[in-house]
Amino acid sequence: MTKKTYQDKDRDLDALLRDIETWFSGQGYQIQTNKTDGTWFLQAAKTEMWRKAIGASRAFNVLIQGQPKDFSVELSTGEWASNLTAGGVAAVLTGGATLLVSGLAAGWSKKIESDLWNFIDQKVMFGEKAKSVQELVVLKTQNSLEEKLKQLRDATIRVSLMRLRTMPKS
């Protein structure tokens, strides 16, 4: 488990969680997220059966806590105990070959964790700033206006097409 604290960053933590979710999804992970007041949690795992059989199934957990200006991010992986147990059973059945694969999977987890920290640090440094209440209201109004304009364009096109169909042919 590793944890970093970020101070005076003023970041949109919802956007940070979405970016991390996109990062994992792009690498073929299944994602679960949960958000409560001041806490964002994401769990990502590759769930192929062969991973479970050899003890290489690891879930990555990302916990974001705090407020946009001051927050922490904590990364951890699934329980060693369940992976070691599964790996031990598989090792007995396969003559130890799965221990090598499990060791490689653990090394790969460290590589992914390092890549994820680099990604998070970049997002915190250069990512979206937290939006004020006024900015959120403006964005909501803009989205509403854009949707109404789209509906108006669509209606205009439908009316024009109906007129073309009903015009007498010469």
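Take the residues in the stretch 8-47 that are acidic (Asp, Glu) and in contact (Cβ under 8 Å) with a residue 12 or more places away in the chain, then tell me which one is most open to solvent (accessible area, probe 1.4 Å). Steps first, please.
Applying the first criterion (acidic (Asp, Glu)) to the stretch 8-47 yields 8, 10, 12, 14, 19, 21, 37.
Filter again for in contact (Cβ under 8 Å) with a residue 12 or more places away in the chain, leaving 8, 10, 12, 14, 19, 21.
Working: ASP8: 117, ASP10: 49, ASP12: 31, ASP14: 56, ASP19: 43, GLU21: 63 Å².
Among those residues, the one meeting the criterion is ASP8.
Looking at ASP115 and the list (1) in a helix (DSSP H, G or I); (2) at pLDDT below 60, which single condition is not satisfied?
(2)
Just give me the residues in the stretch 1-51 being among the charged types (D, E, K, R), outside any loop (DSSP other than H, G, I, E, B) and over 14 Å from ILE64 (Cα atoms), in sequence order. Reasoning before the result, please.
Taking the stretch 1-51 as the starting set, the residues that turn out to be among the charged types (D, E, K, R) are 3-4, 8-12, 14, 18-19, 21, 35, 37, 46, 48, 51.
Of the ones still in play, those that are also outside any loop (DSSP other than H, G, I, E, B) are 3-4, 11, 14, 18-19, 21, 35, 51.
Matches in the stretch 1-51: ARG51 only.
Restricting to the stretch 137-170, name every residue that is modelled with pLDDT under 80 and open to solvent by 100 Å² or more (accessible area, probe 1.4 Å). Please lay out each step first, then the result.
From the stretch 137-170, those modelled with pLDDT under 80 are 137-140, 142-143, 169-170; that's our starting set.
Of everything in the stretch 137-170, those that are modelled with pLDDT under 80 and open to solvent by 100 Å² or more (accessible area, probe 1.4 Å) turn out to be LYS140, LYS169, SER170.
The values are calculated or read from the model by the stated rules, or taken from the named source; none is laboratory data. Here the structure is a predicted model, which is why all the values come from computation and not from measurement. Note that each Cβ is placed from the backbone with ideal geometry, even for glycine, and that neighbours are counted across all protein chains shown. Ligands, DNA and RNA are excluded from the accessible area calculation, which covers all protein heavy atoms including side chains. Shrake-Rupley method; radii C 1.70, N 1.55, O 1.52, S 1.80 Å.
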